[in-house]
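What follows is a short report on a single structure.
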Amino acid sequence: MINPKPIKFLGRALEDLRAFPVAVRREAGHQLDQVQHGREASDWKPMNTVGHGVKEIRIRDEAGAFRVLYVAKFADAVYVVHCFQKKTQTTSQTDIDLATKRYRDLLKEFI
């Protein structure tokens, strides 16, 4: 059994996640638990536009489409970079820019 990595939320990611509907929060928690234990989330895609190793958990609900961007490539923790609800087919540039900034700030901590 692999020891789960702790989860660290960057910026307002935790507050944003807590604003999701209950069913979406529950699913996000389950998917992040999978990642903590070294497994892949059940519905994800790479988000290389944000940064190398950043992945997006995709959650659909009657309330809409929700995303949790995280990076798990570091040994010490799973970092949740950004959580948001998608309003359109494409991810908004605002969400990409915010996630990219948080990711870059995280990388600076490892230098």
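Taking all pairs of distinct Cα atoms, average 1/r, flip it, and tell me the Kirkwood hydrodynamic radius of the chain in Å to one decimal place.
Taking the inverse mean of 1/r over all distinct Cα pairs, the chain comes out at 14.0 Å.
Expressed as a whole percentage, what fraction of the accessible surface of the chain belongs to carbon and sulfur atoms when a 1.4 Å probe is rolled over the protein heavy atoms?
Carbon and sulfur atoms account for 52 percent of the accessible area of the chain.
What size of dipole, in debye to the nearest 20, comes out for the chain about its Cα centre when the only charges are +1 on Lys and Arg C-beta atoms and -1 on Asp and Glu C-beta atoms?
120 debye
Provide the FRET efficiency to the nearest 0.05 for the Gln34-Ile111 pair, computing r from the beta carbons and using R0 = 30 Å.
FRET efficiency, Gln34 to Ile111: 0.50.
Determine the per residue accessible area of the chain with all protein chains present and a 1.4 angstrom probe, expressed in square angstrom.
58 Å²
Can you list the chymotrypsin sites (Phe, Trp or Tyr not before Pro) in region 26-108 that are in a DSSP coil and have 16 or fewer other beta carbons within 10 angstrom?
Phe74
Work out the charge dipole of the chain with +1 on the Cβ of Lys and Arg and -1 on the Cβ of Asp and Glu about the Cα centre, then indicate which of Tyr79, Tyr103, Gly38 is farthest towards its positive end.
Comparing the listed Cα positions along the dipole, Tyr103 ranks first.
Taking the Cα centre of region 45-104 as origin and charging only Cβ (+1 Lys, Arg; -1 Asp, Glu), how large is the dipole, in debye to the nearest 20?
120 debye
The values are calculated or read from the model by the stated rules, or taken from the named source; none is laboratory data. Just so we're clear, the structure is a prediction, and the values are computed from it rather than from any experiment. Positions of Cβ are backbone-derived with ideal geometry, glycine not excepted, and every protein chain shown enters the neighbour counts. Ligands, DNA and RNA are stripped out before the accessible areas are found, and what is left, the full protein with its side chains, is counted by its heavy atoms. Shrake-Rupley method; radii C 1.70, N 1.55, O 1.52, S 1.80 Å.
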